[in-house]
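First comes the structure, then the notes that go with it.
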Amino acid sequence: MADNKMLIKFFVASESIFFIMLILAYVNFKGTVVDGPTAESSLNPYVTGIFSLFLLASSFTIWLAGKSLRAKNHTMMKVWLLVTIVLGAIFIFGQGREWAGLIEQNITISRNVFGTTFFTLTGFHGFHVCVGLIMLSILLGLALFGDFKGPRSDGVEVISIYWHFVDGVWIVVYSVIYVWAFFL
Amino acid sequence: MEKLGGIFNPSSPEMEALSSLTLYTIVTTVGILLLIVAAMIYIIIAYRKNPDDNQEPYQNFGNLNLEIVWTLIPCAIVAVLFLLTCNTMKVVDPPVGDHEPDIIIIGHQWWWEIRYPKSGVITANELHIPAGKYLLARIESVDVIHDFWVPELGRKIDAIPGHPNHMWIVAGEPGLYIGACAEFCGAQHANMHIRVIAETEEEFKEWEKQELVIPPTPRTGLAGNGAKLFQEKACMNCHTIMGTAAAARVGPNLTHLNDRQTIGAGVLTNTPENLNKWLTNPQKYKQGSLMPNMKLSPTEVEAIVAYLEALK
Amino acid sequence: MSRRLPLVPENTEPLPSLKENQGMLAWVSSVDHKQIGLMYLMVTMVFFVVGGLEALLMRIQLSQPEFNFISPEVYNQLFTMHGTTMIFFVVMPFLIGVGVYLVPLMIGARDMAFPRLNALSFWLVVFGGILIYYSFLTQSGAPDMGWFAYSPLSEKPFSLNKGPTYWALGLLATGISSVASGLNNIVTILTMRTPGMTMRRIPLFVWMILVTSFLLIFVIPIIASAFAMMLLDRLLEATFFTPAHGGSAILWQHFFWGFGHPEVYILILPAFGIISEVIPVFSRKPIFGYEFVAGSTVAIGLLSLGVWAHHMFAVGLGDVTNLYFSLASMLIAIPTGVKVLNWVATMWGGKIIFATPMLFATAFIIEFVMGGITGVAIASVPIDWVVTDSYFIVAHFHYVLYGGSMFAIFAGVYYWFPKFTGRMMSETLGKWHFWLTIIGFNMTFFVQHFLGVMGMPRRIYTYQDFPYWGSMNLISTIGAVVLALSVLVFMWNVHVSRKRGKKAGNNPWDAWTLEWAAASPPAVHNFDLVPPVRGRRPLWDLAHPEQPDEPNAKVVD
């Protein structure tokens, strides 16, 4: 049945509204910081940009995993799933590194509106990436035990749609936080 | 028959415009309601099923022309109402321009601080204005959102922390207009009254002069005791009395408490007996009020009342 | 989905442990849409009684000036919980529950598209409700900042109690539940229809549920994000809504009403759906202008997304903003008016049977129009400045939510009770219930219009003895007692009819939609055979083969 894919598409649409609201909150407070850190004063667009590339690449690899599934290439599907997980994990590591650096400089969620909106937005995104990683790991585990011989699997396709969504959100988030602050 | 208040007793040009727009709109819309009710009554009488009648009625699925007509009629009503809305807004809410505010009204949990920046008068819960004169008020808040509302004088306007608002205040005739806080603001939202006292120009000038007088601090007797207690018993942590060390802005300015009509933003009439009751236990009359029960002894209360009464 | 499905769409895999007789275990383990639907209805009934008692306590406190019946702290908790309960735990879950029960039956499906997700939705509502009510047991009591939790009042340091935290968490859980059931309904309606049941033929109730579901999935995330921010403010000292630390007091209002106004339509559209089912059946005529009723719903749904700031005219957003939101809000009157006139036209020329469901549906039209016309009036900015945050508004939205949603809910219960239980509800008790409701409801809320324009603000636990305030409030309180009595009669009716009501048979009202083709109560698998659908009223077509609704319809099989 095609129900599962329809469900995830509407779910992703619903989630988009959630992220749009978080982004609007960030935009609403951008430029209102009177004292304390701002995006310009505390972030590094290049390091985060490089880690972002890993997340973008993972979108590509999960597409390859789906392609392998349709081609009934079970081995390559497992490989691409694993690569996707690794790439996602590297991105999360990058996020964690950035957060740790900020918190070390005493830039926290309670410091000022920049801290509040930045940590909320990247935090909720990171949470979604982690959920995606957990789901991908379950997929990989099941695949290792012999599931998903292809050519079709709602499970793989649904999680793939979700993963592309998480990736797409990051492109917007990176643009709003980093590109806006440093490259415009 | 007692007079109905609020919209039925508009006492400023703004309120007259608001009142007539509101009443006309309500009357028109009630007319629409009555048409529907009439149709329903006719239907109930004419189309009730006869128990012996087993034929199904004519199966009518709709009529495009009718649908178009009854889409266009509400469109027309909406258009008229919108035009009236635009017109009334011009009357009720004249532009502020680059006027400086004559009054600053500041919402506190649960009282109103009132400042006259041009003369320097600071008072609470009672807004004196000269009748017939337009004054520009700036509405602010120091804590949560409040809403300034004097039903007989005009519109509501929110007092929002970090977002000052402006409105023109005018009263047609001298008199007392009682208002309230209209935005829920916590435990004592119900007892956050504002009294607008519209006076003649002379009375207002006189009042303003009186408010600026710095009363001498009594040194002796009961009142002298009270003055000392006021400084010792933490009263001064929250209140101001001009001419003394008490200059805090947490609670109302008490310098000219004598001239005010009520205590606690309207919970008690301002008499020495009531002041005594209030100081003995404000929580009894305004539960949740930020003024704590200071656990004063009856003699201490009497002394402080004497002090506050002596400030003239 | 392809048109080559069997008449009863089958699930590809058997549902977990779903047997006819699971006994008590069915109450927790069931994923059957009918069982879950009924559980929704029962839970909402409990919350309805609780929320009603809260209202009654408030009305007693207000029965006379300066009355000392309950303290201001308790009063503030009561009105917060009353509003929260009635909106999130009565009207919303009731309408969702009725939808969950009826949508699969009405479109000829076996169950919802995602039965387990359906159960999750239900249990999340229960969980959210318990979480919120649990706050009464905490040291400082339930939330007391009003159901719209304006910041910074709902923030530290103005609300140091735990109530608002429980409130936001509980509503977050309920919100997730609503999104889940919205998604479930959308997929069910779009993919599980029986052959022949095209989108132009689904019952109007299903249309309303569909539009409501779209509203749910698009506006609940707005408030979910605001709840998340509020919780971060309260728990981690973030500064979204605290002006003292650079946050904004107004942002919360935009978020809240961005959700809050569409929410009003989430509460009323399924009610419109119920009315659009009841009126044709009891007038013995098809709905007048099906396309216009369905289309106006879509228009209302879309417009409702762009009108939120009419709740904020007193905030001082500027004339241009105010006028835009004023006009947009007034526009909603047009599709709503179209609906009302279509209902009236459906009754016109009919042969009307005034059984209890029809009594409530007829009264609904008048009470709802009453709430609707005051609604148009307050869409005008200057009028709003006069009446906003006064008792006029309390009267207005109770006419919409009680006179509208609750009247429709009662109509729906009397109408579908035979389907739910196999037994009819008592008509005698039903008429008592109806007339007590009419008297109690109008007595309670009509006078509040006058109190409002005379200057009585909302959410005050006491008031001074201004002319006529005492007597009008007393009338309102007496009305509330009558209204409470009417609810008792209703509960009693449900109780006795469930056991001793007249046997209903499959189709006691001689109605036309598919749910009446199933047994009463329906078997676990709903239909043995779904009747052929060649028009909007399959059972009419079956009963009147000589006069089908769509004589030229092609047979789909």
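Every condition in (1) of a type outside the set (S, T, N, Q); (2) assigned to a helix (DSSP H, G or I); (3) closer than 30 Å to C:R537 by Cβ holds for C:F227 except the one numbered (3). May I ask you to verify whether C:G372 is buried (at least 24 other Cβ atoms within 10 Å of the Cβ), modelled with pLDDT under 95, under 26 Å from C:T85 (Cα atoms) and within 14 Å of chain B (Cβ to nearest Cβ)? Criteria met by C:G372. Any residue at all in the stretch B:200-216 that's crowded, with 19+ Cβ neighbours inside 10 Å, in contact with a Leu (Cβ under 9 Å, 6 or more places away or on another chain) and not aromatic (F, W, Y)? So far as the stretch B:200-216 goes, no, none of its residues is crowded, with 19+ Cβ neighbours inside 10 Å, in contact with a Leu (Cβ under 9 Å, 6 or more places away or on another chain) and not aromatic (F, W, Y). Would you point out the residue of the stretch C:468-509, among those that are closer than 22 Å to C:P65 by Cβ, within 14 Å of another protein chain (Cβ to nearest Cβ) and surrounded by 15 or more Cβ atoms within 10 Å (Cβ to Cβ), that is nearest to the chain's Cα centre (by Cα)? Among those that are closer than 22 Å to C:P65 by Cβ, within 14 Å of another protein chain (Cβ to nearest Cβ) and surrounded by 15 or more Cβ atoms within 10 Å (Cβ to Cβ), it is C:N473.
Report whether or not B:K286 is within 17 Å of B:A124 (Cα to Cα) and modelled with pLDDT under 95. In short, yes. For the stretch C:151-187, taking the residues that are closer than 30 Å to C:P531 by Cβ and within 20 Å of the chain's Cα centre (by Cα), the one that is surrounded by the most Cβ atoms within 10 Å (Cβ to Cβ) is identified as C:S181.
Any residue that is more than 28 Å from C:L359 (Cα to Cα) and among the aromatic types (F, W, Y) - is there at least one of those in the stretch C:237-251? The answer is yes; a qualifying residue exists.
To keep it simple, each residue is scored yes or no on (1) crowded, with 24+ Cβ neighbours inside 10 Å; (2) under 28 Å from C:I353 (Cβ atoms); (3) within 14 Å of chain B (Cβ to nearest Cβ).
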residue	(1), (2), (3)
C:L210	yes, no, no
C:S213	yes, no, no
C:F218	no, no, no
C:L236	no, no, no
C:I268	yes, yes, no
C:I274	yes, yes, no
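Among the criteria (1) of a type in the set (S, T, Y); (2) more than 8 Å from every other protein chain (Cβ to nearest Cβ); (3) surrounded by 15 or more Cβ atoms within 10 Å (Cβ to Cβ), the one B:T25 does not fulfil is (2). The criterion of at least 2 residues that are touching a residue at least 40 places away in the same chain (Cβ under 8 Å) and more than 12 Å from chain C (Cβ to nearest Cβ) is met by the following helices (runs of 4 or more DSSP H) wholly inside the stretch A:1-97: A:39-42, A:45-70.
Considering every residue within the stretch B:243-253, establish whether at least one is in contact with a helix residue (DSSP H, G or I) (Cβ under 9 Å, 6 or more places away or on another chain), in a loop (DSSP other than H, G, I, E, B) and closer than 30 Å to C:F67 by Cβ. Yes, because at least one residue in the stretch B:243-253 is in contact with a helix residue (DSSP H, G or I) (Cβ under 9 Å, 6 or more places away or on another chain), in a loop (DSSP other than H, G, I, E, B) and closer than 30 Å to C:F67 by Cβ. Checking each residue in the stretch B:136-166 for being of a type in the set (D, E, K, R), within 7 Å of chain C (Cβ to nearest Cβ) and farther than 15 Å from B:H189 by Cβ picks out only B:R155. Residues that are hydrophobic (A, V, I, L, M, F, W, C) and in contact with a helix residue (DSSP H, G or I) (Cβ under 6 Å, 6 or more places away or on another chain): does the stretch B:134-141 have at least one? No; the residues of the stretch B:134-141 include none that is hydrophobic (A, V, I, L, M, F, W, C) and in contact with a helix residue (DSSP H, G or I) (Cβ under 6 Å, 6 or more places away or on another chain). Yes or no: the stretch C:241-258 includes at least one residue that is hydroxyl-bearing (S, T, Y), under 15 Å from A:T116 (Cβ atoms) and within 14 Å of chain B (Cβ to nearest Cβ). Taking every residue of the stretch C:241-258 in turn, at least one turns out to be hydroxyl-bearing (S, T, Y), under 15 Å from A:T116 (Cβ atoms) and within 14 Å of chain B (Cβ to nearest Cβ). What is the number of the single condition among (1) within 8 Å of chain C (Cβ to nearest Cβ); (2) assigned to a helix (DSSP H, G or I) that B:E183 does not meet? For B:E183, the failing item is (2). When the stretch C:343-367 is limited to residues that are farther than 23 Å from C:T444 by Cα and touching an Asp or Glu at 6+ places or on another chain (Cβ under 8 Å), the one that is farthest from the other protein chains (Cβ to nearest Cβ) turns out to be C:A355. Scanning the stretch C:321-339 for residues that are crowded, with 21+ Cβ neighbours inside 10 Å and more than 7 Å from chain B (Cβ to nearest Cβ) turns up C:N322, C:F325, C:S329, C:I332, C:P335, C:T336, C:K339. Scan the stretch C:278-285 and tell me whether some residue there is within 13 Å of chain B (Cβ to nearest Cβ), of a type in the set (K, R) and crowded, with 24+ Cβ neighbours inside 10 Å. Yes; the residues of the stretch C:278-285 include at least one that is within 13 Å of chain B (Cβ to nearest Cβ), of a type in the set (K, R) and crowded, with 24+ Cβ neighbours inside 10 Å. In the stretch B:51-60, the count of residues that are at pLDDT 90 or above, loosely packed, with under 13 Cβ neighbours inside 10 Å and either closer than 15 Å to C:K351 by Cα or assigned by TED's automatic domain parsing to the domain that holds B:P151 (or both) is one or more. The condition (being in a loop (DSSP other than H, G, I, E, B) and more than 7 Å from chain C (Cβ to nearest Cβ)) is satisfied by just one residue among B:Q59, B:Q55: B:Q55. Taking the criterion of being within 14 Å of chain C (Cβ to nearest Cβ), part of a loop (DSSP other than H, G, I, E, B) and within 27 Å of B:K295 (Cα to Cα), would at least one residue in the stretch B:191-201 satisfy it? Yes, the stretch B:191-201 contains a residue that is within 14 Å of chain C (Cβ to nearest Cβ), part of a loop (DSSP other than H, G, I, E, B) and within 27 Å of B:K295 (Cα to Cα). Residue-level check: of (1) of a type outside the set (D, E); (2) in a helix (DSSP H, G or I); (3) in contact (Cβ under 8 Å) with a residue 12 or more places away in the chain; (4) more than 14 Å from chain B (Cβ to nearest Cβ), C:T428 misses just (3). The set of residues from the stretch B:223-242 being touching a helix residue (DSSP H, G or I) at 6+ places or on another chain (Cβ under 7 Å) and among the polar types (S, T, N, Q) comprises just one member, B:N225. Screening the stretch C:288-302 for residues that are within 12 Å of another protein chain (Cβ to nearest Cβ) and aliphatic (A, V, I, L, M) and picking the one that is nearest to B:R155 (Cα to Cα) gives C:A299. Go through the residues of the stretch B:205-221 one by one and say whether even a single one is in contact with a His (Cβ under 6 Å, 6 or more places away or on another chain), part of a helix (DSSP H, G or I) and of a type in the set (A, V, I, L, M, F, W, C). Within the stretch B:205-221, one or more residues are in contact with a His (Cβ under 6 Å, 6 or more places away or on another chain), part of a helix (DSSP H, G or I) and of a type in the set (A, V, I, L, M, F, W, C).
The values are calculated or read from the model by the stated rules, or taken from the named source; none is laboratory data. Keep in mind the model is a prediction, meaning the values are calculated, not measured. Note: ideal-geometry Cβ built from the backbone for every residue, glycine included; neighbour counts use all protein chains shown.
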